[in-house]
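The structure appears below as structure tokens.
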Amino acid sequence: MTAWFARFTALYPGLKSLARNKLLFNVLTVALAALAMSAIASYAVDHLAFLISADRFVKDLEIATRAPIEPQDEDVRVVAVDDGTLRNFPYTAPLDRHFLAQLLLALDAQHPRVIVLDYLFDKPTEPAKDEELRAVIRALKTPLVVSYFGAGSHVSAPQLAYLNAFVPKKFRAAANIGTDQTDTVRFITPSIRTPDGQVLPTVPHRVADMLGIAAPKTQVNIAWRGDPGVNQPAFAQYSACITGFEGCLPMQFYPPPVFKGKVVLIGSDQTLIDQHRTPFAAAPWTGKSFMPGIVTLAYAIAQFIDHRTDPELDWWQDFLIALLFGATGAFLGLFDYQLVLRTVTIVVLVAILWGGGVFILYERMGILIGLLAPTISLIGAFAAVESITGIDARRQRQFIHNTFSLYLPPSFVQQLVDDPDKLVLGGERRDLSLLFTDIHGFTTMAEGLDSKDVGRVLNGYLDGMTAAVRKHEGTVDKFIGDAVFALWNAPLDVADYATKAVRCALDMDLFTEEFRLKMNAEGIPLSYTRIGVHAGAAAVGNFGSADRFSYTASGDAVNAASRLEGLNKTFGTRICVSDAAKVLCQGITFRPIGSVILKGKTEALDVWEPLHDGAVSDDYLARYGAAFEAARAHDDAAPGLFAALAAENPADPLVAFYVERLATGEAGIKIKMTEK
């Protein structure tokens, strides 16, 4: 156990490295999923009973309905002893042997290549007729094949002795027809072992040997022929008695070219007698669900004559097709577009597989592929890779959710979870609104408090500030002690982002004042909060090292927002908004603070104070504006105008600032800062 653990420990870094190499990981995932699912599908179709039956049924249905149309076979003729023929005789079993003798002589006179007599002669009938047929069999000039007991036949010693005496050994062939577990004719068996222990070739192989054709030494599938057309059989079939005449008109009345140079099979075509289930049973409307044994032998013999090969592919060829579709399914599983669209793609691929396999490969090219294994491989590999990548996607969604849920509104978090591409990693330049806050004197206050109280105060404070940001669709970038840095229009687009940032500042101001009074009532000397808001372009994204990074904004606009927060100390205000943010706002009342030249800058920045609804009267705001414009113009009336406002509202910090500024002899509204 220790050794295995050591091996895994040594392997683990490599696995982590592989997981980080997304391309290589995806390639290996597709390859392994395709290989595994194609192997499983191929094995299951060959070994699981219900899949074996399903696969066989699909192939049988193709054979029965879509077999390529072929001309009627020119080499094989069937002479059928049918119900119409048997009506001419007083008994039907065994068949009248005088009739058979005359039939053989008539056919022999037309010089066929081989005659196959698919009847068993294991018991006597009328002695004279028996002797006549026995003599004809030995006297025929045409090569003759006579059916012998099939494998598994249980015969008595007298039956065996009679048959051996009736049919010379050189004419014998097993009448075996290879069937599967459903008793459906499928195979051509090369030989059987007779009841007396001898190896005997089957009828198709005996005929092939007589014709000098090298037949396969192993069992092969019957390559079923397509019919020439509707109600036209694959093999020309003639009744042993010419119909339409009284009595049984002899075979010699058929024109000589009919049987000359042909392989002629004589056998029974009676209702419910010697009828065998075939693959055509998958489509019972074809009327070929069951065939006379003599007709199935015709298919097998014609297959050897035509050197026809089995249309079904070898196992490895079917496996390669399953592997191809497995790889396609696995590849689709990698994509992260909507599952519905990928499912539709899978359905289309299955339709292409089945349509192409049936109507192109089999119907036009005579190639019968397995359809179930590639289908299972396609769907299975897709599901497997979808599950694997789904785990990865769920981890990604969980990461996004955990990373942003505390800082973004729920609707924004859901958008990122639904479409992670909206989160551009590595940085991008965006127009933003930026907000900084700071509690006046927090560090000094915290030094005088118990650590538990500091944590309680800070957590309660930051909860309220975060709620305000989320309410107005902003993103909390970070907490810096008691300070909050928030931004709008990243990582997702926010309509009217400047207005929402300023309204957030106003809500923060209400919350912090309420929270301050609550803490003061508890004996905690929490002071007021200063807020700065700016709008401008900044780089935003994931910044940091390869192992540790954070989502943040960076640039001059960020520095300006931070310094706007600090301007409140100079003016005695709690919220300071840049002109760049103010001009983008709608529906908010502002009053001018001044034109400020920040330390290290040369250009003045107009700054404004947003006002709560109803904070001052319209008249008071208008008189403040007039006093501010007088100060801007260096008008001597400015001091008096501000003094009148101060008398009316001594708590107004901006009025107090200008009263003091003008009293010291300074003029105008342009203020140059000497501190950050």
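A few points about this structure:
- For region 19-133, with +1 on Lys and Arg beta carbons and -1 on Asp and Glu, the positive-most of ALA33, VAL76, LEU61 along the dipole: ALA33
- Rounded to the nearest 10 degrees, the inclination of helix 372-404 to the longest alpha-carbon principal axis of the chain is 10 degrees.
- Of LYS471/LYS599; LYS500/LYS599; LYS217/LYS260; LYS569/LYS670, those spanning more than 25 Å from alpha-carbon to alpha-carbon: LYS471/LYS599; LYS500/LYS599; LYS217/LYS260
- Relative to the dominant Cα principal axis of the chain, helix 157-166 is inclined by about 70°.
- Estimated FRET transfer efficiency when R0 is 60 angstrom, pair PHE479-ASP314 (beta carbons, to 0.05): 0.30
- A DSSP coil position with no more than 14 other Cβ atoms inside 10 Å describes the following trypsin sites (Lys or Arg not before Pro) in region 203-242: LYS217.
- With the gyration tensor restricted to C-alpha atoms of region 564-664, the semi-axes of the equivalent ellipsoid amount to 21, 18, 13 Å, longest first.
- Rounded to the nearest 20, the Cβ-based charge dipole of region 484-544 about its Cα centre (Lys and Arg +1, Asp and Glu -1) stands at 120 debye.
- Percent antiparallel among DSSP beta bridges (both partners in region 548-676, rounded to 5): 75
- Cα-centred dipole magnitude for the chain, charges only on beta-carbon of K, R (+1) and D, E (-1), debye, nearest 20: 2060
- DSSP beta bridges confined to region 166-225 are antiparallel in about 90 percent of cases.
- Taking each residue as 0.36 nm, the span from THR443 to TYR43 lengthens on full extension beyond its C-alpha to C-alpha distance by 136.8 nm.
- Take every DSSP beta bridge whose two residues both sit in the chain; close to 60 percent of them are antiparallel.
- Its relative contact order, with pairs defined as Cα atoms under 8 Å and 6+ residues apart, puts the chain at 12 percent.
- Förster radius 45 Å - calculated FRET efficiency between LEU339 and THR142, Cβ distance, rounded to 0.05: 0.05
- If the segment from VAL348 to TYR238 were pulled out straight at 0.36 nm per residue, it would be longer than the present Cα-Cα gap by 34.8 nm.
- If you plug the beta carbon distance of ALA161 and MET210 into 1/(1 + (r/R0)^6) with R0 = 35 Å, you get a FRET efficiency near 0.85.
- Surface/4 of the Cα convex hull for region 267-364, nm²: 9.4
- With Cα atoms, 0 to 90° folded angle of helix 451-471 axis to the chain main axis: 70
- Here the scattering of the chain is modelled by Debye summation over its C-alpha atoms, one equal scatterer each and no solvent; at q = 0.09, 0.10, 0.12 Å⁻¹ the log10 of I(q)/I(0) is -0.88, -0.99, -1.18.
- Of PHE442, SER289, THR194, farthest towards positive along the dipole that unit charges on Lys, Arg, Asp, Glu beta carbons give the chain: THR194
- Of the two radii for region 28-96, the radius of gyration is 1.37 times the Kirkwood radius, both from the alpha carbons; that is the Rg over Rh value.
- When only the Cβ of Lys, Arg, Asp and Glu is charged (+1, +1, -1, -1), the dipole of region 634-676 relative to its Cα centre reaches about 240 debye.
- A full extension of the chain between ALA109 and ASP180 corresponds to an added length of 21.6 nm, given 0.36 nm per residue minus the alpha carbon distance.
A short reminder: the numbers here are calculations on the coordinates, not readings from a lab. What you are looking at is a predicted structure, and each value in this text was computed from that prediction instead of being measured. So basically every Cβ, Gly included, is an ideal-geometry build from the backbone, and we count neighbours across all protein chains shown.
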